[in-house]
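Presented below is the structure to which this report refers.
Bear in mind these aren't lab numbers, they're just calculated from the coordinates by the rules spelled out. Bear in mind the structure is a predicted one, so any value in this text is a computation, not a measurement. No Cβ is skipped: glycine too gets one built from the backbone with ideal geometry, and neighbour counts run over all protein chains shown.
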Amino acid sequence: MKRHILEMIDESLDSVVKIKELMPQIEKAAKIMIDSLKNGNKVISCGNGGSASQAMHFSGELVGKFLVDRGPLASVCLNSDITNITAIGNDYGYDQIYKRQVEGIGKKGDVLICFTTSGNSENLLQAVKNIKGIKVINLLGKGGGKMRGTGDVDIIVDSEQVPRIQECHLLILHILAKLIEDEFIK
């Protein structure tokens, strides 16, 4: 059992160290969101499964706080409203659950941040398809999948293992939250 624990810790640490290679993409993503928020726009987040929980977490860090008390920042998480998800899924198909919401609440100047470990979720692909006036940031894994190249910024974690990708996405969302928060407490 100890061997497995140590292996998992080592795998996690190896993945986290590789995030340093993503610094330019992380910085660009932070700047896009900061500019959007400073211009009175919002950050829209979404994902599926564990990635949905990370999308909710990120939105919560913006609306609430990360480390320092400050005013709320405009953010909404599309996967947190089960009524919208089930209504849209029932009437238009599960692949449309995010696209319809982005079309309904997204405005020019907003930012959409998609969390996915595979990069192949059809509902996320549909959400970013033909999007106009909204910047897209993708947090991906497994080489980026079909979503690679669909964002203004693609942050692709170098791993094939879902747990390692999710751990790295969590660290990245915390880095982004800190960078954004720092701009609003000056």
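Below are the figures for this structure:
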| quantity | calculated |
| --- | --- |
| Pair list, Cβ under 8 Å, 6 or more apart: the stretch 1-23 residue loosely packed, with under 10 Cβ neighbours inside 10 Å, other residue part of a helix (DSSP H, G or I) | none |
| Test result for GLY93, over 16 Å from the mean Cα position of the chain (by Cα) and surrounded by fewer than 23 Cβ atoms within 10 Å (Cβ to Cβ) | yes |
| Residue check, GLY119 buried (at least 19 other Cβ atoms within 10 Å of the Cβ), in contact with a Lys or Arg (Cβ under 7 Å, 6 or more places away or on another chain) and free of Cβ contacts under 8 Å to residues at least 60 places away in the same chain | yes |
| Residues of the stretch 49-78 classified as surrounded by fewer than 23 Cβ atoms within 10 Å (Cβ to Cβ), within 12 Å of the chain's Cα centre (by Cα) and aliphatic (A, V, I, L, M), total | 3 |
| Residue in the stretch 32-45 that is touching a Lys or Arg at 6+ places or on another chain (Cβ under 6 Å) and aliphatic (A, V, I, L, M) present | yes |
| Some residue of the stretch 135-158 being β-branched (Val, Ile, Thr) and either touching a His at 6+ places or on another chain (Cβ under 6 Å) or in a helix (DSSP H, G or I) (or both) | no |
